[in-house]
Amino acid sequence: MEEIYVNAEFFKSDNSIPSTINPKSPRSSKRSFYSGVTLSLGLLSVLLLIGLITLGVYLHDSTASLSAMSSKLSSMNEERDHLKANLSTMRNKLSSMIENRNLLNARLTEKTEELEKLQSLTKQKKPCPAGWRKFSCSCYLLSERSDSWDAARKDCRDREADLVVIDSTEEQNYLKTITNTHTWIGLNDKEQEGQWKWVDGTPLIMTYWGDRQPDNDGGGEHCGHVRNDEKRSWNDLPCSTSLKWICEKIP
């Protein structure tokens, strides 16, 4: 159809535009086609560049967001570990409290039995053995020699007694009247540092420690004694130290 229109225009006038410069010529169409393709490729390149820039910005924002999420997750993990540590500590404290409660219950049962026994013995008015001193319902013996804590306890047990267990202010005050030097008592933390217990297994509740005591000076002070100060306060020393001691038993 295009060729038909071209031929028609040619026959109308001799002054017609030569075919070599006719905008409708095949060469001109090719140029238009190539220009369109070039323009399309240029637009495509621009769009591709815009897309790459947009993708870069998106990736940058995503990376920043991922980094923030990673940091937050790390913080949450640290908080979780901290909570686990606190939970473990609380469980240990609860276990220790339960153990102490059981020991106190056992102590209460033992004391109840002792009270019943003492009431029975009081009725009989049974005296203390020779050389022993009577206070309340117990008999006390202050040693004449000095030795280690373990040797002191063995001596008491050989006498069917044990190192003294101080469980009242009255008993603490009584000991002031019969001691005038450093003297072993039935208190130690041999099993676990800082967990002081009496020789009968009961935990330490009422205390008369001296200032800044016990201090486990040197890392090996695990046995308790009364000092020769006015208050007869308590102190910790290495169990191998040679001191006098006090035995206690029920007559």
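The set of residues in segment 3-56 that are among the β-branched types (Val, Ile, Thr) and at pLDDT below 80 comprises Ile4, Val6, Ile17, Thr20, Ile21, Val37.
Entry remark, segment 145-191: residues being of a type in the set (Lys, Arg) and surrounded by 18 or more Cβ atoms within 10 Å (Cβ to Cβ) number 1 in total.
Give Glu114, Glu144 a once-over and let me know the one that is part of a helix (DSSP H, G or I), under 30 Å from Ser168 (Cβ atoms), out of contact with any Leu (no Cβ under 7 Å at 6 or more places or on another chain) and not basic (Lys, Arg). Write out each step before concluding.
Numbers: Glu144 fails: part of a helix (DSSP H, G or I).
Answer to the selection: Glu114.
Against the list (1) out of contact with any Leu (no Cβ under 6 Å at 6 or more places or on another chain); (2) in contact (Cβ under 8 Å) with a residue 60 or more places away in the chain; (3) within 28 Å of Ala106 (Cα to Cα), the condition Tyr174 fails is (2).
Could you list all residues from segment 82-106 that are among the small types (Gly, Ala, Ser) and either outside any helix (DSSP H, G or I) or more than 27 Å from Met206 (Cβ to Cβ) (or both)?
In the first step, residues of segment 82-106 are kept if they are among the small types (Gly, Ala, Ser); the result is 85, 88, 95-96, 106.
Result: Ala85, Ser88.
Yes/no matrix, rows are residues, columns are (1) in a loop (DSSP other than H, G, I, E, B); (2) not assigned by TED's automatic domain parsing to the domain that holds Leu237:
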site	(1), (2)
Leu118	no, yes
Tyr140	no, no
Tyr174	no, no
Thr181	yes, no
Trp184	no, no
Lys190	yes, no
Gly194	yes, no
Arg212	yes, no
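Would you confirm whether any residue within segment 90-97 is over 30 Å from Ile166 (Cα atoms) and either outside the structural domain of Cys139 (by TED's automatic domain parsing) or free of Cβ contacts under 8 Å to residues at least 40 places away in the same chain (or both)?
Taking segment 90-97 first, the residues over 30 Å from Ile166 (Cα atoms) are 90-91.
Now restrict to residues that are either outside the structural domain of Cys139 (by TED's automatic domain parsing) or free of Cβ contacts under 8 Å to residues at least 40 places away in the same chain (or both): 90-91.
Within segment 90-97, one or more residues are over 30 Å from Ile166 (Cα atoms) and either outside the structural domain of Cys139 (by TED's automatic domain parsing) or free of Cβ contacts under 8 Å to residues at least 40 places away in the same chain (or both).
The values are calculated or read from the model by the stated rules, or taken from the named source; none is laboratory data. Quantities reported herein were computed from a predicted structural model and do not represent experimental measurements. Ideal geometry is used to build each Cβ from the backbone, glycine not excepted, and the neighbour counts take in all protein chains shown.
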